[in-house]
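What follows is a set of notes on a single structure, which appears directly below.
Each value in this text was obtained by applying a stated rule to the coordinates, not by laboratory testing. Computed from a prediction, not measured in an experiment: that's the story for all the values here. Note that we place each Cβ from the backbone using ideal geometry, even for glycine, and neighbour counts take in every protein chain shown.
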Ligand SMILES: [Zn+2]
């Protein structure tokens, strides 16, 4: 590698790191108190959508009010890869290299990362679950598509074991030599679909949400391990404002 090229790469890396730090610290948001969800829009003009948008996430999914529809199957073309487990101060997030895709109808989107909330942000008929995972995908034209998996207490989750057995402290990260995101998914992949937003500042809308109907099991000890770091990192549910939630037949 030429020295100049190496320098520009290292500068680029520094800028990206600083950018992330500013995004996290500049807005200085949290899940309760003066910087909690009711105040996110006031903390930074960039967060205006948190209040102004009529299509915010998460939502309470009422099965009886959902519209049965012939939704396209979710095709998870996921594969094993290396991974980076990051504790960013708001959640534990697992970043993945390119190579795993979600296909919905004709639209393909690349899996970028997944992360956890406790308790679950999505609710089923008002009920929260102990945890959820949001699998965040991006299409070639920059649209976000999130798949949510809800977790209920039960058997130890083998797929999550390498992550939850060694959670990094805030601001730390550690690599995993190999991880298969397909292991996170339930066997029944029918889902609820609606338009929503990011559930964290800047709350940008235009996000396609697919919430899997079948919860996946995690053990009590695994839930406790995550909740020792993040006892409450769920945004309250947001009004539907006339949005229709579709559900796979
Ligand atoms: Zn999330």
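Take the range 72-208, drop everything but the C-alpha atoms, weight them equally and run the Debye formula without solvent; then report log10 I(q)/I(0) at 0.13, 0.14, 0.16, 0.18 Å⁻¹ to two decimals.
Scattering profile of the range 72-208, log10 relative to I(0): -0.56, -0.66, -0.88, -1.15.
In square nanometres, what is one fourth of the surface area of the convex hull spanned by the alpha carbons of the range 34-75?
Over every viewing direction, the Cα hull of the range 34-75 projects on average to 5.2 nm².
At a temperature of 20 °C and a viscosity of 1.002 mPa s, determine how fast the range 100-166 diffuses translationally according to Stokes-Einstein, using the Kirkwood radius over alpha-carbon pairs as Rh; express D in µm²/s, rounded to the nearest whole number.
Numbers: Rh = 13.4 Å.
Approximately 160 µm²/s, per Stokes-Einstein.
Can you say what percent of the DSSP beta bridges in the range 135-249, counting only those with both residues inside, are antiparallel? Round to 5. Please report the intermediate quantities before stating the final value.
Details: 13 of 20 bridges.
Within the range 135-249, antiparallel bridges account for around 65 percent of the total.
Highest mean first, how do 103-112, 119-128 rank when packing is the count of other Cβ atoms within 10 Å averaged over residues?
Order by mean packing, descending: 119-128, 103-112.
Once the Cα gyration tensor of the range 157-218 is found, what semi-axes does its equivalent ellipsoid get, as square roots of 5 times the eigenvalues, in whole Å, sorted largest first?
Value: 25, 20, 9 Å, ordered largest first.
Find how much the distance from residue 68 to residue 138 grows on full extension, using 0.36 nm per residue of separation minus their present alpha carbon separation; answer in nm with one decimal.
22.6 nm
Using 0.36 nm per residue, how much length does the chain from residue 224 to residue 174 gain when fully extended, once their Cα-Cα distance is taken away?
16.0 nm
What per residue convex hull volume, in Å³, comes out for the range 140-249 when only alpha-carbon positions are used? Please report the intermediate quantities before stating the final value.
Details: hull volume 17.4 nm³, N = 110.
In the range 140-249, the Cα convex hull volume per residue is 158 Å³.
In whole angstrom, how far apart do the alpha carbon centroids of the range 137-155 and the range 182-245 sit?
The range 137-155 and the range 182-245 have Cα centres separated by 7 Å.
Starting from the coordinates of the alpha-carbon atoms of the chain, obtain the Kirkwood hydrodynamic radius over all distinct pairs and give the value in Å to one decimal.
Evaluated on the chain, it is 18.9 Å.
Could you check the simple spin-label distance between residue 189 and residue 249, using points 7 Å along Cα→Cβ, in nm with one decimal?
With each label point 7 Å from Cα toward Cβ, the separation is 2.0 nm.
Just to check, using Stokes-Einstein with a Kirkwood Rh over alpha carbon pairs, what's the diffusion coefficient of the range 68-111 at 25 °C and 0.890 mPa s in µm²/s?
Numbers: Rh = 12.4 Å.
Stokes-Einstein gives a translational diffusion coefficient of 198 µm²/s.
Say each of residue 44 and residue 127 gets a label point 7 Å from the Cα, pointing the same way as Cα to Cβ; how far apart are those two points in nm?
So the label points at residue 44 and residue 127 sit 3.7 nm apart.
Mean projection of the alpha-carbon convex hull of the range 137-181 over all orientations, in nm²?
Directional mean of the projected Cα hull area for the range 137-181 stands at 5.1 nm².
For the chain, give the share of DSSP beta bridges that are antiparallel, in percent and rounded to the nearest 5; count only bridges with both residues there.
Beta bridges within the chain, antiparallel portion: roughly 80 percent.
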